[in-house]
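Just so it is clear, none of the values below were taken in a lab; they were calculated from the coordinates. All values reported here derive from a predicted model rather than from experimental measurement. Note: ideal-geometry Cβ built from the backbone for every residue, glycine included; neighbour counts use all protein chains shown.
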Amino acid sequence: MAVLAALLAAPSAGAAAVPTAASRMTLDAGSVPMTLVQTAVLPGGDVSSTWRADGARVQAAGAPGSRVSLRRVGTNSVLASIDPPATPAMTPDRYAASGRSVYWDALGAGMTRSEAVRVAQSVGASIPPAAHVPGAAVAGSIFNSVCTTVHGGYYNAIWGTSCLVQSFLQRLPGQWYIENQVTTSGQSPRSGLHPLTQLQGWYCYCANGFTYTRVGWSPSASRQVGTPTTYTLSAGYAGFSVSVSETQYPNTLGPVFPSGVGQPAFGSVWKGSNHAIDDANSVAIIHNGPGSPSNARVNVEIWWVTLG
């Protein structure tokens with residue numbers, strides 16, 4: 001995985017190496033102890049930070065004031081998350097005008113340029129002109145994005161990375177619908193006894209006291225393949241249709257309901273035994289209840305497991 005140097009070297013990126021204290025990310029109170037080793041301001045005002053803990057590293061990119069955390073799920077698994085602050089509502093126009101983008105957030109979370117382009121294109125997001133990528137798609141409904149990457153396991157060589165992209169489908173009184181797309185990938189060393197065996201990525205609304213209902217989602221059931229297969233995960237509701245591209249590697253991809261099937265939190269899990277890059281993407285349609293903020297505290301979490 002690339003580090004911030006890839007972003008700082010990007011032509012016209014406009015990144016600054018040292019943001020003000022007010023713009024930095026902070027460590028969540030529920031995290032294992034971590035040390036902040038690097039921080040930068042991304043184009044458009046998002047920030048990136050790199051944290052180290054004993055045997056793990058987390059790199060996150062998102063809104064200033066976001067909280068980063070790392071938890072050890074078991075002997076051979078770790079979980080990283082980034083929890084954005086409760087900021088004033090962001091609109092697609094403001095998002096686009098600020099210069100924020102899925103591409104910059106992906107770079108800020110440690111992806112290479114080609115990986116950042118792949119993530120942005122898989123969710124239909126535009127690529128900033130400064131990235132010098134021809135033929136980029138344009139998406140005018142995105143209002144929030146966040147990415148995070150975790151390294152751990154054997155010599156910190158095993159990694160998982162996930163990006164959340166939120167878009168408005170409809171904004172009418174009492175009829176606010178949001179699309180949440182999560183792209184998750186991971187990889188383990190191509191030699192040795194430590195293949196990747198499980199990879200998860202999901203979003204959640206973090207019990208903020210407001211009402212949300214998940215009304216459409218994909219994957220909706222487990223799917224098994226024997227060879228790498230690229231397809232589209234699609235969900236629909238009330239005339240809306242949403243999708244995200246997915247390349248599934250052996251063996252299974254299935255849905256994840258972190259807070260229970262009846263709660264809006266959702267994502268996917270890949271299970272197998274592989275040294276190549278693995279994906280665990282998902283998409284969901286959310287209905288906001290009265291007064292619910294659209295960009296309220298969304299977590300993106302990664303969980304990968306390796307053999308001991």
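Quick look at the numbers
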{"read-out": "Per-residue Cβ neighbour rank within 10 angstrom, fewest leading, Arg57, Arg100", "value": "Arg57, Arg100"}
{"read-out": "Relative contact order of region 5-306, defined on C-alpha pairs under 8 angstrom at six or more residues apart (%)", "value": "19 percent"}
{"read-out": "Per-residue Cβ neighbour rank within 10 angstrom, fewest leading, Ile127, Ile82", "value": "Ile127, Ile82"}
{"read-out": "Phe240, Phe143 arranged by Cβ crowding within 10 Å, fewest neighbours leading", "value": "Phe240, Phe143"}
{"read-out": "Protection-proxy order for peptides 299-305, 25-31, 274-280, each taking the mean of Cβ atoms within 10 Å per residue, highest first", "value": "299-305, 274-280, 25-31"}
{"read-out": "Diffusion coefficient, µm² s⁻¹, Stokes-Einstein with Kirkwood Rh over alpha-carbon pairs of region 5-306 at 4 °C and 1.567 mPa s", "value": "68 µm²/s"}
{"read-out": "Peptide ranges 67-75, 157-165, 91-99 listed from the most packed, as the mean C-beta count within 10 angstrom indicates", "value": "157-165, 67-75, 91-99"}
{"read-out": "Karplus-derived HN-Hα couplings along region 221-227 (A = 6.51, B = -1.76, C = 1.60, θ = phi - 60°), whole Hz, x at Gly and Pro", "value": "8, 5, 10, 10, 10, x, 9"}
{"read-out": "Sequence ranges 210-222, 241-253, ranked by mean other-Cβ count within 10 angstrom, highest first", "value": "241-253, 210-222"}
